[in-house]
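Take a look at the structure set out below.
The values are calculated or read from the model by the stated rules, or taken from the named source; none is laboratory data. This is a predicted model, so every value here is computed, not measured. Every residue, glycine as well, gets a Cβ built from its backbone with ideal geometry; the counts of neighbours run over all protein chains shown.
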Amino acid sequence: MKATATEERAKRDHLQMQKGICIALDIHQLTPHDIPLLRSLNTLFGHAFGEPDTYCAEPPSDAYLAGLLAKEGLIVLVALLAEQVVGGLVAYELDKIERARRELYIYDLAVAEAHRRCGIATALIKRLREIAISRGAWIIYVQADYGDDPAIALYEKLGVREEVLHFDIDVADKS
C-alpha cells in the first residue's frame, strides 16, 4: 500500500547539517516487525547514556520485544539516515483519571554523537507531537538531568520548564 503525500511528509524531515549539506531524515514508528531497529536503538541508547550494560548486556527475546511494540501505549520512534539508526525516542501514553485525556511521557531520547546538533531530536519530538495530537493527548513531558545542558536547551526551546523532584522507590520492602 502506497503512503499518501501527507504520510510521507510526516515521516520525512529535511535537516540542514552543520556543514551546509541537506539530508533526508526518515522518522519511523516501530512496529512488532522492527525488532532489529529496536535492538539498534538500544545499542545507541547504551552508548549515548554511558550505560551499555543496562541497554545491551541482557537483551530480551524477540517475542518479548514484539509484544512491547504491539502495545498501544508504547511509542518508539527512530531517526534513520541511509537506513541506519542515528537517534530515537521511547514514549509512554498515560491515560488520566482527573479528566478524559492523556499525556505522553518521553522516557528515553538520544541521538548518536556524530549526528548531534543537526535537528534530529527536534524532528523526533515533532513527529511525537503529531502522534500525540492524533491520540488526543494534551501534553508531552520529559525529564532532563542536571548538567545535561544540550537536552535542557532543546526542551526549553520546545516547551515550558517545570521544577520538580524525581524519586526512585525500590519495590522490595525494606522494613
Study note, to complete from the structure: With criteria (1) of a type in the set (Lys, Arg); (2) at pLDDT 95 or above; (3) farther than 24 Å from Gly136 by Cα; (4) surrounded by fewer than 16 Cβ atoms within 10 Å (Cβ to Cβ), Arg39 comes up short on (4)
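Can you name the residue in segment 84-113 that is part of a loop (DSSP other than H, G, I, E, B) and in contact (Cβ under 8 Å) with a residue 12 or more places away in the chain and, of all such residues, is nearest to Ile140 (Cα to Cα)? Full working, then the answer.
Going residue by residue through segment 84-113, those that are part of a loop (DSSP other than H, G, I, E, B) are 96-101, 112.
Applying the additional criterion that residues be in contact (Cβ under 8 Å) with a residue 12 or more places away in the chain yields 101, 112.
Working: Arg101: 12, Ala112: 23 Å.
Filtering segment 84-113 for residues that are part of a loop (DSSP other than H, G, I, E, B) and in contact (Cβ under 8 Å) with a residue 12 or more places away in the chain, the one nearest to Ile140 (Cα to Cα) comes out as Arg101.
So that you can scan it fast, the table gives a plain yes or no per residue for (1) part of a helix (DSSP H, G or I); (2) modelled with pLDDT under 70; (3) touching a Pro at 6+ places or on another chain (Cβ under 8 Å):
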| site | (1), (2), (3) |
| --- | --- |
| Cys118 | no, no, no |
| Leu124 | yes, no, no |
| Ile140 | no, no, no |
| Tyr146 | no, no, no |
| Pro150 | yes, no, no |
| Leu165 | no, yes, no |
| Asp168 | no, yes, no |
| Ala172 | no, no, no |
Exercise for review: Starting from residues that are among the small types (Gly, Ala, Ser) and within 15 Å of the chain's Cα centre (by Cα), keep the ones in segment 96-117 and report whichever is surrounded by the fewest Cβ atoms within 10 Å (Cβ to Cβ).
Suggested key: Ala112
Exercise for review: Test each condition in (1) in contact with a helix residue (DSSP H, G or I) (Cβ under 6 Å, 6 or more places away or on another chain); (2) modelled with pLDDT of 90 or more; (3) assigned to a loop (DSSP other than H, G, I, E, B); (4) not basic (Lys, Arg) for Leu65 and report the one that comes out false.
Suggested key: (3)
Point to revise | Verdict on Leu30 being farther than 28 Å from Lys157 by Cα, modelled with pLDDT of 95 or more and not charged (D, E, K, R) | key: no
**Study point:** segment 24-50 residues that are among the polar types (S, T, N, Q), paired with ones that are crowded, with 17+ Cβ neighbours inside 10 Å and part of a helix (DSSP H, G or I) (beta carbon under 8 Å, 6 or more apart)
**Key:** Gln29/Arg127; Gln29/Ile131; Thr31/Leu69; Asn42/Tyr55; Thr43/Tyr55
Study note, to complete from the structure: Here the qualifying pairs (Cβ atoms under 7 Å; residues six or more apart or on different chains; first in segment 59-72 and closer than 23 Å to Asp95 by Cα and touching a residue at least 24 places away in the same chain (Cβ under 8 Å); second of a type in the set (D, E, K, R) and surrounded by 13 or more Cβ atoms within 10 Å (Cβ to Cβ)) come out as Leu69/Asp34
Exercise for review: Answer yes or no as to whether Ile131 is surrounded by 15 or more Cβ atoms within 10 Å (Cβ to Cβ) and part of a strand (DSSP E or B).
Suggested key: no
